[in-house]
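Here, each number is a calculation from the coordinates, and none is a lab measurement. What you see is a predicted model, and the numbers here were worked out from it, not measured in a lab. Positions of Cβ are generated from backbone atoms using ideal geometry, with glycine treated the same way; all protein chains shown enter the neighbour counts.
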Amino acid sequence: MSNQPPNEARVIPLRPPAARPAAAPSQQGQTKEPLWRDLVGDVLRRERLTQERTLKDVADAARISMPYLSEVERGRKEASSEVLAAAAHALGLSLGDLLLRAQGELVRITSRRVPGAGRSRAASPYDGMCLAA
């Protein structure tokens with residue numbers, strides 16, 4: 001059990017960039033883009049730890065193996081949409097909630113790394129994300 005008051009939200013930091021596997025350089029060759037599997041894994045792990053749940057508990061609820069969930073959380077496995085949905089639902093999230101949080105991390109990380117990369121309404125009329133299979 002935690003010593004924090006129950007109503008206070010806990011912030012779980014992402015893994016430092018140096019701890020992640022190297023991503024492919026962007027086409028300009030300047031900035032490395034984060035991998036989607038790392039972002040999704042970080043969101044899953046952070047949510048699980050915020051809820052103070054074990055890997056075993058969440059894996060059992062999602063009906064996936066504990067080692068596989070661990071690999072997904074660490075960004076070592078590219079999980080299917082079914083596995084991601086099961087893990088998200090086990091944590092009380094929808095698949096859309098999980099992907100939206102991962103997209104928010106992507107925007108936050110990439111806008112911090114590239115000067116002037118903040119979102120520009122003139123650059124794109126789209127306000128959302130697109131995933132292709």
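Of note:
- Taking a point 7 Å out from the Cα of Glu78 in the direction of its Cβ, the residues of segment 35-49 whose backbone N falls within less than 13 Å of it are 35-38.
- Cα gyration tensor, segment 60-106 - rounded (a/c under 1.5), prolate or oblate: oblate
- Simple spin-label estimate for Arg53 and Ser70 in nanometres, 7 Å along Cα-Cβ: 1.8 nm
- In this rough spin-label picture, where each label sits 7 Å from Cα along the Cβ direction, the Glu33-His89 distance is 3.0 nm.
- Formal net charge of residues neighbouring Pro67 (Cβ-Cβ distance under 12 Å; K, R +1; D, E -1): +2
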